[in-house]
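The values are calculated or read from the model by the stated rules, or taken from the named source; none is laboratory data. Keep in mind that this is a model prediction, so the values were computed, not measured. Note: ideal-geometry Cβ built from the backbone for every residue, glycine included; neighbour counts use all protein chains shown.
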């Protein structure tokens, strides 16, 4: 590619030293940087949507959530068959936040542990922790649902579902409280 030709790259960060317009090595430096940092290149994100509202990290996990939210299909639609009352509203705890496990594994729900996160008492799935730190953004808020409500399931984690109700609220609900529609 000549010095005057523009590379096809859709990344808007044209001043980034890894952008193909800043060197003669094509996409290789960007891909290498992203693989090293465990991230997905901007061109993949741009292929899905140019609306990055709410994106705080560019990891594979974040990309999957971004895809599902913008273009993906939910896992399933379910109907609530047992009322569920949550334990209150929680803030979003960002990846890397320290978590203190405060007790033994939950007897009823395997791989869930009671914990304290930034002064809040809650539970956390074991898969969200490495060395006492969150491996992803986490909001433990549960949905308050009544029998007959319809939910869209976005993720399944250890007998709990991350679901969105018809009002657009997203939160956790036990899988045992729903059936497929």
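Farther than 28 Å from residue 175 by Cβ, loosely packed, with under 14 Cβ neighbours inside 10 Å, at pLDDT 85 or above and in contact with a helix residue (DSSP H, G or I) (Cβ under 9 Å, 6 or more places away or on another chain), is that true of residue 18?
Details: farther than 28 Å from residue 175 by Cβ: yes; loosely packed, with under 14 Cβ neighbours inside 10 Å: no; at pLDDT 85 or above: yes; in contact with a helix residue (DSSP H, G or I) (Cβ under 9 Å, 6 or more places away or on another chain): yes.
So residue 18 does not fit the description; no.
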Subject >> Enumeration of residues in region 136-176 that are without any contact (Cβ under 8 Å) to a residue 60 or more places away in the chain and in a loop (DSSP other than H, G, I, E, B) >> reply: 139, 140, 141, 143, 158, 159, 166, 167, 168, 169
**OP:** Please enumerate the residues belonging to region 101-135 that are in contact (Cβ under 8 Å) with a residue 24 or more places away in the chain and over 27 Å from residue 60 (Cα atoms).
**Re:** 120
